[in-house]
């Protein structure tokens, strides 16, 4: 019944020695930040093929649906710009905030973090690699949403390239928040809940034009990092956008991204050793 | 190479909430002391809940002990838990970090995160996958594999980027005999090998190769592959010796197992007497008896009314499971023989 080869069993016991040798052995190499970040990023991207495609489709489908609904309410002009811009950024919020929060929540509670914690990899590499991958997952959906929205509302497509800056910056801010939520939530269901709530907030406060909102809601909107991504893209539809404001909005996203990713890295470190 | 002293970890009591019962304070490891020698396969044997995984998590820097010290190859792991990752490779019970990767990418990524450059990680990945017979399924995601194959793939990831200490938490769970054999011959080859990067510092010591700390609740595996074994029960080490040395403690005994068809024939006085010494599990009785007593018991149950009620019986020399029970191990279930 034993599945162990005889040769393994019949072996002299090793010599007793060395337990108090005193001299510390040389440590194995540490994984450096950028190569390990690249390795985590690549591994996470490959997960999209196995696990993420249906959810990416949902993210895009949801945003397209919202725009079709809003078509009945909003006729065009400035309000339409916010709808298209908001719906595009919601894709980022759905994937980077909601799905990443769920992912880290599940990883932590299933014990999957042990795998990374017993490898000599910098915590920032794990968090940034996963965040970057999730931000990348949003690129196709965001583009499809923006193009569809522009065609639907008759808006120009010339400023689409702005999304190439908006997606990574808003992605950094939202995926940092998502990772922090997932790693700090005391239970996995709470991680899911926080991610969902964040996504709902980005949806409600991002897609609706701000002019119609009451003062308190507008204040809440200003607190949400995704708002600045929405603003940045919405500003560029006009004939001569104020690029200083656009840059300012993006700087807010970048700042929130740096802070939230730093918090997420700290949360990872805390979650890895209990 | 690994010295553990006075290691204690207590899980705080959890108060019951909304009808859910609370759990009392649990001492998961209780003043544990161990010495693991270089080059040996050292085992932690115990039933589920004995504290094996908690102990291993403290040795691998994943959990801080409340008290005590862990020293591996001269490094204080309690003070510097992050050093553990540079000394040892750990195969935990969970694969969720790798589940959605292909077998090849799981091994390669793990090697990269163990500090190998891309070329080296790929070369070691290919060598390990070949060695374990995983090459044909290298392109399949772990979550699409059977439990045993997935375990083997995780073991492959643990081997990429060699370390002087391998910590394996129930590595062969769910594996078929072929996969188990692959695991043990891979472990054996690493033990025999000379000069891994770390050990090359000292050629003389290098001859001893990789050390393995194995967590298991499988007594057959423990008896056949381990050089020495620590038996854990309720967070304490109740014995530590070679498997043969441990079995000598119960050498004067024979294990008798009786399986009744339905109910034991209690009208037979000898059977009623045996019951007081039996550990019962449904229709199955397990007895540890002196050889003459065993002979008498077998004579009783193979004749007359008792034989009519008997479904099956076995006589066996004692195993580590009997050692565990003889040492006062509290759990009556949880160790497996497979």
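Worth a mention:
- Remark: residue A:160 falls outside the filter, which requires a residue to be closer than 15 Å to residue A:104 by Cβ, part of a helix (DSSP H, G or I) and in contact with a helix residue (DSSP H, G or I) (Cβ under 7 Å, 6 or more places away or on another chain).
- In this entry, residue B:100 is excluded by the filter for residues that are part of a strand (DSSP E or B) and in the same structural domain as residue B:211 (by TED's automatic domain parsing).
Here is a yes/no grid of residues against (1) at pLDDT 95 or above; (2) touching a strand residue (DSSP E or B) at 6+ places or on another chain (Cβ under 8 Å); (3) assigned to a loop (DSSP other than H, G, I, E, B):
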position	(1), (2), (3)
B:108	yes, no, no
B:111	yes, no, no
B:125	yes, no, no
B:130	no, no, no
B:133	no, no, yes
B:136	yes, no, no
B:143	no, no, no
B:148	no, no, no
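- For the residues B:304, B:282, B:235, the requirement of being away from chain A (no Cβ under 14 Å), in contact with a strand residue (DSSP E or B) (Cβ under 7 Å, 6 or more places away or on another chain) and on the phi > 0 side of the Ramachandran plot singles out B:235.
- Members of the stretch B:112-130 found to be at the interface with another protein chain (Cβ under 9 Å from one of its Cβ atoms) and either surrounded by 20 or more Cβ atoms within 10 Å (Cβ to Cβ) or at positive phi (or both), listed by number: B:112, B:113, B:114, B:115, B:116, B:121
- Failed condition for residue B:162, given (1) surrounded by fewer than 24 Cβ atoms within 10 Å (Cβ to Cβ); (2) more than 9 Å from every other protein chain (Cβ to nearest Cβ); (3) assigned to a loop (DSSP other than H, G, I, E, B): (2)
- Helices (runs of 4 or more DSSP H) (entirely within the stretch B:236-338) containing at least 2 residues that are at pLDDT below 85: B:304-309, B:320-326
- The stretch A:106-124, residues that are under 21 Å from residue A:256 (Cβ atoms) and surrounded by 24 or more Cβ atoms within 10 Å (Cβ to Cβ): none
This table checks each residue for (1) surrounded by fewer than 22 Cβ atoms within 10 Å (Cβ to Cβ); (2) within 30 Å of residue A:113 (Cβ to Cβ); (3) at pLDDT below 95.
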{"position": "A:213", "(1), (2), (3)": "yes, no, yes"}
{"position": "A:221", "(1), (2), (3)": "yes, no, yes"}
{"position": "A:226", "(1), (2), (3)": "no, yes, yes"}
{"position": "A:231", "(1), (2), (3)": "no, no, yes"}
{"position": "A:234", "(1), (2), (3)": "no, no, yes"}
{"position": "A:239", "(1), (2), (3)": "yes, no, yes"}
{"position": "A:245", "(1), (2), (3)": "yes, no, yes"}
{"position": "A:259", "(1), (2), (3)": "yes, yes, no"}
{"position": "A:272", "(1), (2), (3)": "yes, yes, yes"}
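- Screening the candidates B:84, B:89 for the property of being touching a helix residue (DSSP H, G or I) at 6+ places or on another chain (Cβ under 9 Å), at the interface with chain A (Cβ under 8 Å from one of its Cβ atoms) and free of Cβ contacts under 8 Å to residues at least 40 places away in the same chain yields one hit, B:84.
- Within the stretch B:59-77, being more than 7 Å from every other protein chain (Cβ to nearest Cβ), more than 14 Å from residue A:26 (Cα to Cα) and surrounded by fewer than 17 Cβ atoms within 10 Å (Cβ to Cβ) holds for B:66, B:67, B:69.
- Filtered by the rule that a residue be farther than 23 Å from residue A:116 by Cβ and either crowded, with 21+ Cβ neighbours inside 10 Å or in contact with a helix residue (DSSP H, G or I) (Cβ under 7 Å, 6 or more places away or on another chain) (or both), the stretch A:180-203 gives A:196, A:198, A:199, A:202, A:203.
- Odd one out for residue B:196, checked against (1) outside any strand (DSSP E or B); (2) modelled with pLDDT of 85 or more; (3) surrounded by fewer than 20 Cβ atoms within 10 Å (Cβ to Cβ): (2)
- Residue A:129 being within 18 Å of residue A:226 (Cα to Cα) and either modelled with pLDDT of 95 or more or touching a helix residue (DSSP H, G or I) at 6+ places or on another chain (Cβ under 8 Å) (or both): no
The values are calculated or read from the model by the stated rules, or taken from the named source; none is laboratory data. Since this is a predicted model, take the numbers as computed values, not measurements. Cβ coordinates were reconstructed from backbone atoms using ideal geometry, including for glycine residues, and neighbour counts include every protein chain displayed.
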